[in-house]
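Asks: Before anything else, here's the structure in question.
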Amino acid sequence: MARQARRQDGTGIYHVMLRGINRQNIFEDEEDYLRLLGCLHALCIRHDDNGMPLPGLCTIYAYCLMSNHVHLLIQEKDESIGETIKRLGVSYARYYNKKYDRNGHLFQDRFKSEPVNEMSYFLIFMRYIHQNPVKAGLVNNIRDYPWSSWKEYERHTTVTNGLCKIGSVIKHIPFAELKAFVETPVDESLYILDIENDGRFSVSDENLRTILKESYGMRNPHELQSLEKEQRNVVLADLCLAGGDIRQIARITGISFGVVQKIKRKTDERKM
């Protein structure tokens, strides 16, 4: 069956969620977060070979970069939102694959999006995007998360070259009102694109990374993908025995959910 076309809206503004394939991490260190922001900046502020300004391909109103997914409040311009997000994904994946010596897709093939038709929805998505790290338990307050656009909004009177088009938002709603609204927790009854939170795991991501590093000398979990199948499965079994969740291991290592699931079943059978 052919895929359905994305819903279009009159404003051209969308809430977009782009996530790693098999829910794997797409950011490993600060440089990675900064590179993705640089890729976004290159879409909004463009120049020709002579340094002359070119029209931006999109406008960014809000963003939040999480370990294995990205939320954007973005407006399309001369090209479709699909083309713009494809540019972003290709640009960042090229950098990431080269840095971590990996091949293949980094992002899930079809990103998720929902159109923003009214100002009320626009504000709800602003709140949701900036509340993401709080909901995930990473910080207690939106201002404490370093990889979202909220820091630009809090410095809106002094920031002159930020990524987001803050002025347009502040024209519609005074910053004090926006701040009060965005800092209010999201109503859980609202249906908004989500990463499908798998809950808290019995062992932390960091503990699994430590096992890979200290027991197998892997500086990056994705090195597991380059091992021979038999050796790879031994390592996966160790992660399962250490208490790793199937989705958690798949996300950290980039190994498919199905492969990890089979190893998990075998380790569980051995324990019975």
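Asks: Here are some conditions: (1) under 13 Å from T184 (Cα atoms); (2) surrounded by fewer than 21 Cβ atoms within 10 Å (Cβ to Cβ). Y128 meets all but one. Which one does it not meet?
Replies: Single failed check for Y128: (2).
Asks: Of the residues C44, C39, C64, which is crowded, with 16+ Cβ neighbours inside 10 Å and modelled with pLDDT under 95?
Replies: Just one listed residue meets the conditions, C44.
Asks: Moving on. Suppose we keep only residues that are over 20 Å from S168 (Cβ atoms), outside any loop (DSSP other than H, G, I, E, B) and basic (K, R) within the stretch 105-153. Which one would you say is modelled with the highest pLDDT?
Replies: Among those residues, the one meeting the criterion is R143.
Asks: While we're on this one: Look at the stretch 23-50 and say how many of its residues are under 25 Å from D245 (Cα atoms) and of a type in the set (K, R).
Replies: 1
Asks: So, in the stretch 74-129, how many residues would count as being over 21 Å from L43 (Cβ atoms) and either touching an Asp or Glu at 6+ places or on another chain (Cβ under 6 Å) or of a type outside the set (A, V, I, L, M) (or both)?
Replies: The number of residues fulfilling the criteria is 11.
Asks: I'd like the full set of residues that are in contact with a strand residue (DSSP E or B) (Cβ under 8 Å, 6 or more places away or on another chain) and more than 25 Å from R35 (Cβ to Cβ), limited to the stretch 154-175.
Replies: S168, V169
Asks: Another one. Just one of the numbered conditions (1) at pLDDT 95 or above; (2) under 29 Å from F257 (Cβ atoms); (3) crowded, with 20+ Cβ neighbours inside 10 Å; (4) in contact with a Ser or Thr (Cβ under 7 Å, 6 or more places away or on another chain) is not true of I81; which one?
Replies: Checking I81 against (1) at pLDDT 95 or above; (2) under 29 Å from F257 (Cβ atoms); (3) crowded, with 20+ Cβ neighbours inside 10 Å; (4) in contact with a Ser or Thr (Cβ under 7 Å, 6 or more places away or on another chain), the one that fails is (1).
Asks: Something else: Restricting the first residue to the stretch 248-272 and requiring it to be open to solvent by 60 Å² or more (accessible area, probe 1.4 Å), which pairs with a second residue that is β-branched (V, I, T) and at pLDDT 80 or above meet a Cβ separation below 7 Å and a spacing of at least six or different chains?
Replies: Going by the 7 Å Cβ cut-off, the qualifying pairs are F257/I246.
Asks: Turning to a different aspect of this structure: All but one of (1) free of Cβ contacts under 8 Å to residues at least 12 places away in the same chain; (2) in a strand (DSSP E or B); (3) of a type in the set (A, V, I, L, M) hold for M17; state the number of the condition that does not hold.
Replies: With (1) free of Cβ contacts under 8 Å to residues at least 12 places away in the same chain; (2) in a strand (DSSP E or B); (3) of a type in the set (A, V, I, L, M) applied to M17, the lone miss is (1).
Asks: Moving to a separate point now. What's the number of the condition E214 fails, among (1) modelled with pLDDT under 85; (2) open to solvent by 60 Å² or more (accessible area, probe 1.4 Å); (3) more than 26 Å from I142 (Cα to Cα)?
Replies: (1)
Asks: Right, next: Looking at E118, is it touching a strand residue (DSSP E or B) at 6+ places or on another chain (Cβ under 9 Å), open to solvent by 30 Å² or more (accessible area, probe 1.4 Å) and free of Cβ contacts under 8 Å to residues at least 40 places away in the same chain?
Replies: No, not satisfied.
Asks: Can you name the number of the only condition in (1) farther than 27 Å from H69 by Cβ; (2) at pLDDT below 85 that S256 fails?
Replies: (1)
Asks: Just a yes or no: is a residue in the stretch 179-188 out of contact with any helix residue (DSSP H, G or I) (no Cβ under 7 Å at 6 or more places or on another chain), within 30 Å of S149 (Cβ to Cβ), of a type in the set (A, V, I, L, M, F, W, C) and modelled with pLDDT of 85 or more?
Replies: Yes.
Asks: While we're here: Considering only residues that are crowded, with 16+ Cβ neighbours inside 10 Å and either β-branched (V, I, T) or touching a residue at least 24 places away in the same chain (Cβ under 8 Å) (or both), look in the stretch 226-236 and name the one that is nearest to K213 (Cα to Cα).
Replies: V235
The values are calculated or read from the model by the stated rules, or taken from the named source; none is laboratory data. Computed from a predicted model, the values in this text were never measured in an experiment. Note that we place each Cβ from the backbone using ideal geometry, even for glycine, and neighbour counts take in every protein chain shown. In case anyone asks, the SASA skips ligands and DNA or RNA and just uses the protein heavy atoms, side chains included. Shrake-Rupley method; radii C 1.70, N 1.55, O 1.52, S 1.80 Å.
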